[in-house]
Amino acid sequence: MLRILLVEDEAHIRDAVKLNLELEGYEVVSTGNGRKALELFDGQHFDLLLLDVMLPEVDGFDITEKVRLTNTEVPILLLTAKDMSQDRVTGLKKGADDYLTKPFNLEELLLRVSKLLKRSQRQKGDPLSLFEFGGNKINFETFEAITFRGEAITLTKKETMLLKLLAERKEEVVVATKSCKPFGVTMFFRAHVRLTTSFCRSENTSRKTPKRHAFSIQSGGWDTSLPCDPGI
């Protein structure tokens, strides 16, 4: 089921839009606060964001800009009472895919949502959703993993992003200073410590030296291109 994050501070509009989206078969998570919206997006997977521009604490433009730092693919549809061309340009420049002015026709909104989702699903093609290495199994869509020891782990969104980055850039050196910006430096190294402990070394009972799948490098980052056996 496709998931939509609906951010609208007017309760009657939020409830009406949420109900109609759910009748169309979407799973909808809603909030009326911009900061809460960023927290929800940071911790969950969404297929589309439906954002009012005028929001408390963090407005729709700023949400769009922050989302685009880490995710350039999720469709964003802005809703606003402002009918000025400059506001539409601002939203599109910050990364929105579409713009609808209030008061809007509900049927038009549903059509725009449907078209954005269809286009997004076509563009995704066959994304990397599952990855296995050294007995570890990672599901990038559900944020779940099973280690080589058989332990089930629920990953945070940033840990999942970091693992996916390494999986997508096999045979490369991934330098922390270039890669940590979307994560935030503190979260980047916190994720690094937990993931290195859980995944980067899998035990090989026939060897004294464990088999490694990613190597920390002195300059700060990982090298996934080195041989798996570090005992050479």
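Exactly one of (1) in a helix (DSSP H, G or I); (2) crowded, with 21+ Cβ neighbours inside 10 Å is unmet by Leu5. Its number?
Of everything listed in (1) in a helix (DSSP H, G or I); (2) crowded, with 21+ Cβ neighbours inside 10 Å, Leu5 misses just condition (1).
Conditions: (1) modelled with pLDDT under 85; (2) within 22 Å of Gly43 (Cβ to Cβ). Ile146 meets all but one. Number of the miss?
Going through the list (1) modelled with pLDDT under 85; (2) within 22 Å of Gly43 (Cβ to Cβ), Ile146 breaks only (1).
Only one of these is in contact with a strand residue (DSSP E or B) (Cβ under 8 Å, 6 or more places away or on another chain), modelled with pLDDT of 80 or more, not polar (S, T, N, Q) and not assigned by TED's automatic domain parsing to the domain that holds Arg68: Phe131, Phe104. Name it.
So the residue among Phe131, Phe104 that is in contact with a strand residue (DSSP E or B) (Cβ under 8 Å, 6 or more places away or on another chain), modelled with pLDDT of 80 or more, not polar (S, T, N, Q) and not assigned by TED's automatic domain parsing to the domain that holds Arg68 is Phe131.
For residues that are hydrophobic (A, V, I, L, M, F, W, C) and closer than 30 Å to Ala167 by Cα, scanning just region 107-128, find the one that is modelled with the lowest pLDDT. First the steps, then the outcome.
Going through region 107-128, the residues hydrophobic (A, V, I, L, M, F, W, C) turn out to be 109-111, 113, 116-117, 128.
Filter once more, keeping what is closer than 30 Å to Ala167 by Cα: 116-117, 128.
Values: Leu116: 95, Leu117: 93, Leu128: 65.
The selected residue is Leu128.
Go through (1) surrounded by fewer than 17 Cβ atoms within 10 Å (Cβ to Cβ); (2) closer than 30 Å to Gly150 by Cα for Glu107 and report which single condition fails.
All conditions pass for Glu107, except number (2).
Condition test on Thr156, is it among the polar types (S, T, N, Q), modelled with pLDDT under 85 and either under 18 Å from Leu69 (Cα atoms) or in the same structural domain as Met54 (by TED's automatic domain parsing) (or both)? Show your work before the answer.
Numbers: among the polar types (S, T, N, Q): yes; modelled with pLDDT under 85: yes; either under 18 Å from Leu69 (Cα atoms) or in the same structural domain as Met54 (by TED's automatic domain parsing) (or both): yes.
Considered against the rule, which asks whether it is among the polar types (S, T, N, Q), modelled with pLDDT under 85 and either under 18 Å from Leu69 (Cα atoms) or in the same structural domain as Met54 (by TED's automatic domain parsing) (or both), Thr156 comes out as yes.
Would you check if Arg35 is of a type in the set (Lys, Arg), on the phi < 0 side of the Ramachandran plot and at pLDDT 95 or above?
Yes; evaluated as a whole, the condition is true for this residue.
With the requirement that a residue be closer than 16 Å to Asp98 by Cα and out of contact with any helix residue (DSSP H, G or I) (no Cβ under 8 Å at 6 or more places or on another chain), what does region 51-70 give you?
Answer for region 51-70, where residues must be closer than 16 Å to Asp98 by Cα and out of contact with any helix residue (DSSP H, G or I) (no Cβ under 8 Å at 6 or more places or on another chain): Glu65, Arg68.
Please count how many residues of region 95-112 are assigned to a loop (DSSP other than H, G, I, E, B) and in contact with a Lys or Arg (Cβ under 7 Å, 6 or more places away or on another chain).
So the count comes out to 1.
For Asn139, all conditions in the list (1) at pLDDT 85 or above; (2) surrounded by 16 or more Cβ atoms within 10 Å (Cβ to Cβ); (3) not assigned by TED's automatic domain parsing to the domain that holds Leu23 hold save one; what is the number of the exception?
All conditions are met except number (2).
The values are calculated or read from the model by the stated rules, or taken from the named source; none is laboratory data. Note that the structure is predicted; figures quoted are calculated from it, not measured. FYI the Cβ positions are ideal-geometry reconstructions off the backbone, even for glycines, and counts take in every protein chain you see.
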